[in-house]
């Protein structure tokens, strides 16, 4: 007899995307609605937390209704509500958590709190039906750069993390310095295609006692010093060369660390996740390195790399299967660490 399908209504509001999705059995996305605030925050050169929170309040009911309608499902058809409860902007998280708790209470549905990074990792399950743990996952986003060993569903060991700026932060700050504006990642990706990645040598930080850890603040400072030096000497800056050389320095470090982690762990599978994982240079460099080292490579489509609720539904399904349930006292935890409950 066929097992009953599990339908999860998922909510994500950790930063500046208000998102809702309906996910079946952790791998099949029936709907994935995202309201992005990028155009709004562009005016300020980055995400303004207060504005993000207010916009979530305005939009959250609408995106949930759209998600259910697009999936041709009703609230009564759902088996659980999954919601991001950390890490992220506390005000933004609170909107999603409060909404999920209200629906859980009103509809009598189980509530499952999901870690945002676990969501990013789980995005790989959506399009790669054959992917199962154990594997290594490199999470690169605006706020996080993590190298994670995924031992099982919901079981993670952080091998390395950034000591300062996340890769996405460095992209945004360098883009601002070049004059590209926000969001930096996609703009640097586009501009770098016109530049020479070997034109300028930027440093790649290595941390002696923690070979898997990352540090991008020195690289960011080196780019800023280069730009200031050119300005002081009255030299013209080739912005495309700066973008390409900076991006190469980030890519080289990410690829080196990921390859080292896969080889030393004895595993044969590598996945990438997070907003910066949609960067075309990083994706192709990682793919080439995996091919060369006979490692299976998995990556979500760009729509599942950015913040979205489908990935929260995928993660929420496996948490739900393991019996994870949260009470109505679930709170937003802006600095939640991966693996914490």
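The values are calculated or read from the model by the stated rules, or taken from the named source; none is laboratory data. As the structure is a prediction and not an experimental result, all values here were calculated from the model. All Cβ positions, glycine included, derive from the backbone under ideal geometry; neighbour counts span all protein chains shown.
List of remarks:
- The condition of being outside any helix (DSSP H, G or I), over 22 Å from residue 331 (Cβ atoms) and at pLDDT below 95 holds for only one of 45, 26, that being 45.
- Lone unmet requirement of (1) in contact with a strand residue (DSSP E or B) (Cβ under 7 Å, 6 or more places away or on another chain); (2) within 23 Å of residue 194 (Cα to Cα) for residue 243: (1)
- The range 73-95 - residue that is out of contact with any helix residue (DSSP H, G or I) (no Cβ under 7 Å at 6 or more places or on another chain) and more than 19 Å from residue 6 (Cα to Cα) and, of those, surrounded by the fewest Cβ atoms within 10 Å (Cβ to Cβ): 90
- The combined condition, being assigned by TED's automatic domain parsing to the domain that holds residue 166, farther than 21 Å from residue 166 by Cα and assigned to a loop (DSSP other than H, G, I, E, B), is fulfilled by residue 196.
- Qualifying positions in the range 219-239 - under 29 Å from residue 306 (Cα atoms) and free of Cβ contacts under 8 Å to residues at least 24 places away in the same chain: 221, 222
- The residues on offer are 100, 107, 70, and the sole one that is surrounded by fewer than 23 Cβ atoms within 10 Å (Cβ to Cβ), out of contact with any helix residue (DSSP H, G or I) (no Cβ under 6 Å at 6 or more places or on another chain) and either within 27 Å of residue 272 (Cα to Cα) or at pLDDT 95 or above (or both) is 70.
- Some residue of the range 200-216 being assigned by TED's automatic domain parsing to the domain that holds residue 259, without any contact (Cβ under 8 Å) to a residue 24 or more places away in the chain and over 21 Å from residue 257 (Cα atoms): no
- With respect to the conditions (1) under 26 Å from residue 36 (Cβ atoms); (2) crowded, with 19+ Cβ neighbours inside 10 Å; (3) out of contact with any helix residue (DSSP H, G or I) (no Cβ under 7 Å at 6 or more places or on another chain), residue 333 falls short on a single one, namely (2).
- Residues of the range 299-336 satisfying the condition of being part of a loop (DSSP other than H, G, I, E, B), over 14 Å from the mean Cα position of the chain (by Cα) and in contact (Cβ under 8 Å) with a residue 40 or more places away in the chain: 322, 324, 325, 327, 328, 330, 331, 332, 333, 334, 335, 336
- Just one residue in the set 250, 255, 242 is on the phi < 0 side of the Ramachandran plot and free of Cβ contacts under 8 Å to residues at least 60 places away in the same chain; that residue is 255.
- For residue 174, the criteria (1) under 18 Å from the mean Cα position of the chain (by Cα); (2) buried (at least 21 other Cβ atoms within 10 Å of the Cβ) hold in every case but one, which is (1).
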